[in-house]
């Protein structure tokens, strides 16, 4: 028996999210704790899973805010490193009327980029059922080496490895470099969560099933999940394709964290059921639960601190 259900590695940052205007008409921003891997863990922790995070923040006010937030939501922050020179990474989130958003990053450098190979806790990864990562920890050489070391340890430990590309083009020197690292992730994962626009960019295929076929011709990934925003989600597994419609909300505020919430719910299902022998009914149940949770987070500002609980998710599904 392993101590941790899911360990994730990657960025932990502050999302400055638009929240109204001042009396002078200037935009107001709320400092929300964020970062995709920790959002995933926050959803898992909300559902009762034992989680831990590997990453780095600055020795500053925001770094302390993030450590407090991670601990409060039930994620083990013992392996969160502190950089005494480089400040915590910041992101400004501009929200459009339909809830979609753009990001502007203050990360040149940011503390999350400073994680070193020597700071990877081997014992933690060995003691985890699932290891989860994305590509923001692969944008620069040092943290990329740390990420790849963690993946090697996870493989040797027999962990299930989960990967979400979470492409953010402004953070890469070039999209060719981004593609190279995404392909590395595909080569080393058992679960892939990828968005509609990411799979089209990566494979050049407009049809998602054609895109999955392109991936599977090169990489043997047992479970591939395609999140399609307002069109719901799909799971590709063992020759099956299951699609589940979304739960659309009239009071959507923003979509930040929706994909992470979805991913956390999928990993929760795998923690409970395993990755072997899933049926079409299993996949439908998994996607329905994940879609419901993702829709709820779109009605809230931020993500990490406001993940939906089991009662909220079940109530939405029952309606």
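The values are calculated or read from the model by the stated rules, or taken from the named source; none is laboratory data. In this text the structure is predicted, and so the values were computed from the model without any measurement. Ideal geometry is used to build each Cβ from the backbone, glycine not excepted, and the neighbour counts take in all protein chains shown.
Only strands (runs of 3 or more DSSP E) whose full extent lies in the range 1-79 are considered here, and the ones with at least 1 residues that are surrounded by fewer than 16 Cβ atoms within 10 Å (Cβ to Cβ) are 13-21, 27-34. Does any residue of the range 173-180 turn out to be in contact (Cβ under 8 Å) with a residue 24 or more places away in the chain, buried (at least 20 other Cβ atoms within 10 Å of the Cβ), within 21 Å of the chain's Cα centre (by Cα) and over 20 Å from residue 9 (Cα atoms)? The answer is no, given that none of the residues of the range 173-180 is in contact (Cβ under 8 Å) with a residue 24 or more places away in the chain, buried (at least 20 other Cβ atoms within 10 Å of the Cβ), within 21 Å of the chain's Cα centre (by Cα) and over 20 Å from residue 9 (Cα atoms). More than 20 Å from the chain's Cα centre (by Cα), assigned to a loop (DSSP other than H, G, I, E, B) and on the phi < 0 side of the Ramachandran plot, is that true of residue 123? Taking the combined requirement at face value, the residue does not satisfy it. On inspection, residue 118 passes the criterion of being more than 19 Å from the chain's Cα centre (by Cα), modelled with pLDDT of 95 or more, in a helix (DSSP H, G or I) and closer than 30 Å to residue 59 by Cα.
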